Amino acid sequence: MTVGNTSRRRQPSLAQLRAFAAVAEHLHFRDAAAAIGMSQPALSGAVSTLEEVLGVTLLERTTRKVLLSPAGERLAVRAKAVLAEVGALMEEAEAVRAPFTGALRLGVIPTVAPYLLPTVLRLVHDRYPHLDLQVHEEQTASLLDGLTSGRLDLLLLAVPLGVPGVGELPLFDEDFVLVTPLDHWLGGREGIPREALKELNLLLLDEGHCLRDQALDICREAGRENAPVTTTAAGLSTLVQLVAGGLGCTLLPRTAVKVETSRSNQLLTGYFSDPAPTRRIALAMRTGAARGAEYGELAAALREALRPLPVRVLSGAEQLTRCAGPPAASSAAGAAG
């Protein structure tokens, strides 16, 4: 069969194509050999072998000059195109080998994105200018699906996740605070016992947000079971405005407090007694990811960049636990919605 014979044919080598392209350009064996750093006999042999492999005469040789045959003129164009593509392939491979280049598709949960992205984007802009960072804000379940399917490369979210095949690079722990209306009896207090949550009208995010599950976990640890939820919101901004309107109280992570409470003068922030309920934020990646070392370096850089925020940056052995379990003071780090 013709197809079978074609598959068994000898293939031209890059050296042969390079030799022929040089001769086609210079129309002189000595000049062509010098241009590509090959001896003249080796170059002549490479072109002859190429003619044999292709089954066509590429050059018309005379004692005075070299000319391209009609077939040689056509195939010289092809040879140059092949060599150009090989060069582009090598350049692309070199770019891929270079750290912090190319696209990085980062998924972020909504209760993290508005408060940490300014720091993340500034870090990437200043330290990794050749990295094409692409940000996707989605809820945890969608982010994990995107990570495991290959749609996303790295996630920034609350952990632990407990998902097989997903590794975690912990960044920091942060406390939750209680946000109340101005006239609330717990407004602005410090040392609030968790048990106070039993009697509060607590406003929560819609189902699907990990912060909702974290808040419910805090309430259960405080002894509050099956608390009715009459009002919910799609985002923290709306949730805080509902509190300002006197509809109830809510829990906010410390990183969100400055942004969300600055929009109203009808709010007070209360702080829990130690150990305060907390959540842990980490980068998550596929276990064994080809860019794993790069993600580890990015996590280390992020920890330093995040120090000015009201968080407890993890260091030393804490970073190496890969979030095997929540810290002793945490009652919210175990939920991921």
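The values are calculated or read from the model by the stated rules, or taken from the named source; none is laboratory data. Just so you know, these numbers come straight off a predicted model, no measurement behind them. Glycine also receives a Cβ, built like all others from the backbone with ideal geometry; neighbour counts cover every protein chain displayed. To get the accessible areas, we keep the full protein, side chains included, count just its heavy atoms, and leave off ligands, DNA and RNA. Shrake-Rupley method; radii C 1.70, N 1.55, O 1.52, S 1.80 Å.
Across the range 51-94, the number of residues qualifying as within 52 Å of the chain's Cα centre (by Cα), charged (D, E, K, R) and farther than 14 Å from LEU14 by Cα comes to 6. Residue count for the range 118-132 under the criterion of being at pLDDT 95 or above and touching a strand residue (DSSP E or B) at 6+ places or on another chain (Cβ under 8 Å): the result is 3. Anything in the range 114-127 that is in contact (Cβ under 8 Å) with a residue 12 or more places away in the chain and over 13 Å from the mean Cα position of the chain (by Cα)? List them, or say none. Answer for the range 114-127, where residues must be in contact (Cβ under 8 Å) with a residue 12 or more places away in the chain and over 13 Å from the mean Cα position of the chain (by Cα): PRO114, TYR115, LEU116, THR119, ARG122, LEU123, ARG127. Among the residues of the range 265-291, write down those that are among the β-branched types (Val, Ile, Thr) and within 18 Å of the chain's Cα centre (by Cα). Residues satisfying the conditions are ILE281, THR287. Residues satisfying the criterion are present in the range 107-117 (criterion: closer than 30 Å to LYS258 by Cα, in contact with a His (Cβ under 9 Å, 6 or more places away or on another chain), modelled with pLDDT under 95 and open to solvent by 30 Å² or more (accessible area, probe 1.4 Å)).
Of the residues making up the range 285-299, those that are under 18 Å from ALA103 (Cβ atoms) and in a helix (DSSP H, G or I) number 6. Put simply, of GLU51, GLU85, GLU73, GLU92 the only residue that is surrounded by 14 or more Cβ atoms within 10 Å (Cβ to Cβ), assigned to a helix (DSSP H, G or I) and acidic (Asp, Glu) is GLU51.
Listed by first and then second residue, the pairs with beta-carbon distance under 6 Å, at least 6 apart or on different chains, first residue in the range 195-224 and over 17 Å from VAL179 (Cβ atoms), second of a type in the set (Val, Ile, Thr), are ASP206/THR232; CYS210/THR140.
Of the strands (runs of 3 or more DSSP E) lying entirely inside the range 122-222, the ones with 3 or more residues being open to solvent by 10 Å² or more (accessible area, probe 1.4 Å) are found at 131-137, 166-181.
Taken together, ARG64, ARG78 contain a single residue that is among the charged types (D, E, K, R) and assigned to a helix (DSSP H, G or I), which is ARG78.
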